[in-house]
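Colleague: Dumping the structure here so I can ask a few things about it.
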Amino acid sequence: METSFSSHPWLLILITLSTVHAQLPGSWELLVSNAGVASMHTAVTRFNTVVLLDRTNIGPSRKMLPKGHCRYDRHDDVLKKDCYAHSVVFDLQTNEIRPLMILTDTWCSSGQFLPDGTLLQTGGDLDGFKKIRKFEPCEPDRFCDWVELKDVELINGRWYATNQILPDGTVIIVGGRGTNTVEYYPPRKTQNGAVELKFLAEVEDNQMDNLYPYVHLLPNSHLFIFANNKAVMYDHEDNKVIHEYPELLGGPRNYPSAGSSVMLALDGDFKTAVIVICGGAEYGAFIERSTDTPAHGSCGRIIATDPNPAWEMEDMPFGRVMGDMVMLPTGDALIINGAQSGTQGFEMGSNPCLNPVLYRPDQPIGLRFMTLNPGTVPRMYHSTANLLPDGRVLLAGSNPHYLYNFAAEFPTELRLEAFSPEYLSLDRANIRPVIEGIPETVRYGEAFDVFVTVPLPVVGVVEVNFGNAPFATHSFSQGQRLVKLTVTPSVPVDGRYRIKCTAPPNGAVAPPGYYMAFAVNQGVPSVARWVHLVP
C-alpha cells in the first residue's frame with residue numbers, strides 16, 4: 001500500500017531527519033518491546049527498578065496479573081472483572097517486567113518519594129480521587145506491591161495535582177482540578193484540614209491551565225509555584241504568598257497547555273535558585289480541539305531567589321508541547337518527547353517532536369540549545385522521561401487515546417527506550433569515572449570521602465553531584481532536583497582518586513531521602529551509587 005506523506009507528515013520529517021541523524025549527538029536503544037502497560041507515571045527506585053503506572057479503568061492492558069489476582073471495577077466500561085495489570089515494575093539489570101496490582105484509579109494522579117525511599121502516590125479519578133497509596137520498593141528478586149492506605153485519605157480529592165517533598169520530609173500536595181488548596185502528608189497537627197491557596201483560583205482560566213502546577217522547593221525553604229503564566233513564592237509554614245513574580249509571556253504553560261519546567265542545579269553557597277520553563281500550547285488550542293496549532297518555542301528563565309527577579313526569554317530550536325525536561329548529572333537539562341502542534345488531551349497533538357534538545361545553562365543566551373539525534377518513536381500525550389543511575393534517560397508511555405489503540409496514527413506505545421546523551425559515547429569512555437567507595441548514608445553538612453578510578457589521569461576537578469528520583473507525569477517531574485556538592489580537588493591514593501566532599505547543609509537544599517550520587521569528570525558522569533541523605 002502506498003504511503004501518503006500528506007496524511008502522515010511526521011513520516012516525512014522522520015525520513016528527512018534520518019539522513020542527518022548520524023551527525024547529531026546522542027544515541028537510542030530499545031530496551032523492551034512490550035512493557036505491558038503504557039506508562040502515564042514513571043519513577044526510578046533505589047533498587048535500580050522502575051515503577052510504571054497507568055490508569056485502571058482502561059480495559060485490558062497487555063500484561064496479566066498473577067492467577068487469581070483479579071479485581072472488580074465498576075468504573076471500567078470495557079472490563080468489569082479485570083485480571084490485567086495497570087502497573088508494573090521494570091528491572092534495569094535484566095529488562096524483566098513484573099506485574100503489580102493497583103486497586104483504585106490513578107488517572108492523572110501525583111507522587112513523590114518519602115525519606116525512607118517509599119513511593120507515595122496520591123489522588124486520581126473516580127474511586128481514586130481521595131486515595132493515598134504506597135509502594136515500598138524492594139530488591140528485584142523480592143516481592144513488593146502497591147498498598148492502598150485504609151486509615152487515612154486526602155482531605156480534598158486531587159486530580160491533576162503536584163507533590164513536592166519539604167525540608168522536614170513531609171510532602172505538600174498542591175492543587176488539582178477544582179481543588180485550589182494545599183494539604184500535607186502526613187497531615188500537619190497544627191492545622192485542621194486543607195489550606196486555601198487563592199493563587200490557584202486566580203490563575204484558573206476556561207481551559208483549566210492551573211493544573212499540574214510547577215512546584216519547586218527553593219533553598220530558602222519556600223516554594224516556587226507556577227500555574228498558567230504566573231508564579232508566586234509561597235511560605236508553606238505560615239501558609240501565605242510572600243512574593244509575586246512577573247508574568248511569563250508566551251501564553252499558558254501548565255496542563256493542558258503543557259510546557260515543562262526544571263530548577264537548575266544548586267551549587268556554590270546554595271542561596272541561588274534558577275527556574276526554567278519551556279514550551280507549551282497556544283491558548284485556545286484545547287478549547288477548540290485544534291491539533292495543528294503550532295506549539296510555543298519560547299523559554300523563560302528567572303532567578304527565583306533574586307529580590308527583583310525578571311524573566312529572561314530565549315527560543316528553543318523547535319516549538320514543543322508535552323515535552324519533558326530532565327536534569328542530567330552534569331547540570332545540563334534534556335528536553336525530550338512531545339509534539340510541535342496541538343495540546344494535551346486525547347487525540348489533540350500532532351507533528352511529533354522527535355529531536356531531543358540539550359539545554360546548557362552555563363552558555364550565553366543564544367548558545368544554550370543543542371539539537372540532538374532524533375528518535376523514531378513519537379512520544380505524545382501520557383509519555384514520560386526519567387534519568388537512570390547509569391546516566392541514560394528512560395522513555396516510556398504515550399497513549400493519546402481514551403483506551404488502548406494500536407491502529408491509530410499515534411498508537412498506544414508499550415515500548416521502553418533509553419536515550420544516551422553524548423557524554424556516554426565511546427570516545428569518552430576513557431575519562432568516565434567509576435565510584436569505588438562512597439558512604440551509604442550521609443548527614444547534613446557531614447564531610448566524607450568519595451573514591452573513584454578513571455582510565456586516563458584526572459586533569460580537573462571531579463564533581464560529586466546528588467540527583468534525586470522524581471515522579472514523572474504529564475510533562476513535569478515532581479520533586480526533581482540536582483545538587484552539586486562542595487568538593488576539593490581529587491588526590492591520588494593507592495591507584496584511586498580521593499575526593500573530599502561536604503554533604504548538603506540542610507533539607508531546604510536537599511530534602512531527606514535517597515539520591516543518585518554521580519562523580520562527573522570533564523562532563524562525563526559515572527554510574528551512580530545510591531546514598532541516603534538524613535538529618
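Colleague: In the stretch 206-224, what residues are part of a loop (DSSP other than H, G, I, E, B) and either in contact with a helix residue (DSSP H, G or I) (Cβ under 8 Å, 6 or more places away or on another chain) or on the phi < 0 side of the Ramachandran plot (or both)?
Modeller: Passing the criteria: Asn206, Gln207, Asp209, Asn210, Pro213, Leu218, Pro219, Asn220, His222.
Colleague: Looking at the stretch 178-204 only, could you name the residues that are among the acidic types (Asp, Glu) and either under 19 Å from Gln164 (Cβ atoms) or open to solvent by less than 20 Å² (accessible area, probe 1.4 Å) (or both)? Before you say what the answer is, go through the steps one by one.
Modeller: Going through the stretch 178-204, the residues among the acidic types (Asp, Glu) turn out to be 183, 196, 202, 204.
If the condition is that a residue be among the acidic types (Asp, Glu) and either under 19 Å from Gln164 (Cβ atoms) or open to solvent by less than 20 Å² (accessible area, probe 1.4 Å) (or both), then Glu183, Glu196 are the ones that fit.
Colleague: Are any of the residues in the stretch 404-416 surrounded by fewer than 22 Cβ atoms within 10 Å (Cβ to Cβ), over 17 Å from the mean Cα position of the chain (by Cα) and modelled with pLDDT under 95?
Modeller: So far as the stretch 404-416 goes, no, none of its residues is surrounded by fewer than 22 Cβ atoms within 10 Å (Cβ to Cβ), over 17 Å from the mean Cα position of the chain (by Cα) and modelled with pLDDT under 95.
Colleague: How do the strands (runs of 3 or more DSSP E) wholly within the stretch 309-351 filter down when requiring 2 or more residues that are under 24 Å from Asp267 (Cβ atoms) and touching a residue at least 24 places away in the same chain (Cβ under 8 Å): which remain? I'd like the intermediate steps shown before the answer.
Modeller: Values: elements: 312-315, 324-327, 333-336, 339-342.
By residue number, 312-315, 324-327, 333-336.
Colleague: Let me ask something additional. Any chance you could count how many residues in the stretch 482-506 are assigned to a loop (DSSP other than H, G, I, E, B) and open to solvent by less than 10 Å² (accessible area, probe 1.4 Å)?
Modeller: Filtering the stretch 482-506 down to residues assigned to a loop (DSSP other than H, G, I, E, B) leaves 485, 488-490, 494-495, 503-506.
If we keep only those that are open to solvent by less than 10 Å² (accessible area, probe 1.4 Å) as well, we get 503-504.
Going through the stretch 482-506 one residue at a time, the tally reaches 2.
To keep it simple, each residue is scored yes or no on (1) of a type in the set (Lys, Arg); (2) touching a residue at least 24 places away in the same chain (Cβ under 8 Å); (3) assigned to a loop (DSSP other than H, G, I, E, B); (4) open to solvent by less than 60 Å² (accessible area, probe 1.4 Å).
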| site | (1), (2), (3), (4) |
| --- | --- |
| Phe226 | no, yes, no, yes |
| Asp238 | no, no, yes, no |
| Ile242 | no, no, no, no |
| Arg253 | yes, yes, yes, yes |
| Val262 | no, yes, no, yes |
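Colleague: Is one or more of the residues making up the stretch 353-371 crowded, with 21+ Cβ neighbours inside 10 Å and of a type in the set (Gly, Ala, Ser)?
Modeller: no
Colleague: One residue is enough: does the stretch 71-83 have a residue meeting the conditions in contact (Cβ under 8 Å) with a residue 12 or more places away in the chain, open to solvent by less than 60 Å² (accessible area, probe 1.4 Å) and touching a Phe, Trp or Tyr at 6+ places or on another chain (Cβ under 7 Å)?
Modeller: no
Colleague: Could you list all residues from the stretch 152-167 that are polar (S, T, N, Q) and either open to solvent by less than 10 Å² (accessible area, probe 1.4 Å) or within 17 Å of Lys134 (Cα to Cα) (or both)?
Modeller: Just the residues of the stretch 152-167 that are polar (S, T, N, Q), to begin with: 156, 162-164.
Thr162, Asn163, Gln164, listed by residue number.
Colleague: Okay, next question. If you go through the stretch 284-318, how many residues are buried (at least 23 other Cβ atoms within 10 Å of the Cβ) and over 26 Å from Leu218 (Cβ atoms)?
Modeller: The qualifying residues number 3.
Colleague: Continuing with the same structure: Looking for whichever is buried (at least 22 other Cβ atoms within 10 Å of the Cβ) and β-branched (Val, Ile, Thr) here; the options are Val442, Val454, Val461, Val393. Which one fits?
Modeller: Numbers: Val454 fails: buried (at least 22 other Cβ atoms within 10 Å of the Cβ); Val461 fails: buried (at least 22 other Cβ atoms within 10 Å of the Cβ); Val393 fails: buried (at least 22 other Cβ atoms within 10 Å of the Cβ).
Residue meeting the stated conditions: Val442.
Colleague: Quick one: which of Asp77, Asp91 is among the acidic types (Asp, Glu), in the same structural domain as Gly123 (by the TED database) and modelled with pLDDT under 95? Full working, then the answer.
Modeller: Values: Asp91 fails: modelled with pLDDT under 95.
On inspection, the qualifying residue turns out to be Asp77.
Colleague: From (1) open to solvent by 10 Å² or more (accessible area, probe 1.4 Å); (2) in a loop (DSSP other than H, G, I, E, B), pick out the condition that doesn't hold for Met233.
Modeller: Going through the list (1) open to solvent by 10 Å² or more (accessible area, probe 1.4 Å); (2) in a loop (DSSP other than H, G, I, E, B), Met233 breaks only (2).
Colleague: If we scan the stretch 138-148, do we find a residue that is under 24 Å from Pro511 (Cβ atoms) and open to solvent by less than 10 Å² (accessible area, probe 1.4 Å)?
Modeller: In the first step, residues of the stretch 138-148 are kept if they are under 24 Å from Pro511 (Cβ atoms); the result is 138, 144, 146-147.
Those still in the list that are open to solvent by less than 10 Å² (accessible area, probe 1.4 Å) too: none.
Within the stretch 138-148, not a single residue is under 24 Å from Pro511 (Cβ atoms) and open to solvent by less than 10 Å² (accessible area, probe 1.4 Å).
Colleague: Can I ask one more? Mind listing whichever residues of the stretch 49-65 are surrounded by 20 or more Cβ atoms within 10 Å (Cβ to Cβ), in a loop (DSSP other than H, G, I, E, B) and touching a residue at least 40 places away in the same chain (Cβ under 8 Å)?
Modeller: Going residue by residue through the stretch 49-65, those that are surrounded by 20 or more Cβ atoms within 10 Å (Cβ to Cβ) are 49-58, 61, 63.
With the extra rule that they be in a loop (DSSP other than H, G, I, E, B), the set shrinks to 54-58, 61, 63.
Result: Asp54, Arg55, Thr56, Asn57, Ile58, Ser61.
Colleague: Out of the residues in the stretch 102-127 meeting the condition of being in contact with a strand residue (DSSP E or B) (Cβ under 9 Å, 6 or more places away or on another chain) and outside any loop (DSSP other than H, G, I, E, B), tell me which one is farthest from Leu92 (Cα to Cα).
Modeller: Thr122
Colleague: Among the listed residues Val276, Val262, Val232, Val241, which satisfies the condition of being closer than 18 Å to Arg301 by Cβ, more than 21 Å from the chain's Cα centre (by Cα) and β-branched (Val, Ile, Thr)? Please lay out each step first, then the result.
Modeller: Working: Val276 fails: more than 21 Å from the chain's Cα centre (by Cα); Val262 fails: more than 21 Å from the chain's Cα centre (by Cα); Val241 fails: closer than 18 Å to Arg301 by Cβ.
Going through Val276, Val262, Val232, Val241 in turn, just one is closer than 18 Å to Arg301 by Cβ, more than 21 Å from the chain's Cα centre (by Cα) and β-branched (Val, Ile, Thr): Val232.
The values are calculated or read from the model by the stated rules, or taken from the named source; none is laboratory data. The shown structure was predicted, so the numbers you read here are calculated from the model rather than taken from an experiment. Don't worry about glycine lacking a Cβ; one is built from the backbone with ideal geometry, like all the others, and counts go over all protein chains shown. The protein model used for the area step is the full one, side chains on, heavy atoms only, and it has no ligands, DNA or RNA in it. Shrake-Rupley method; radii C 1.70, N 1.55, O 1.52, S 1.80 Å.
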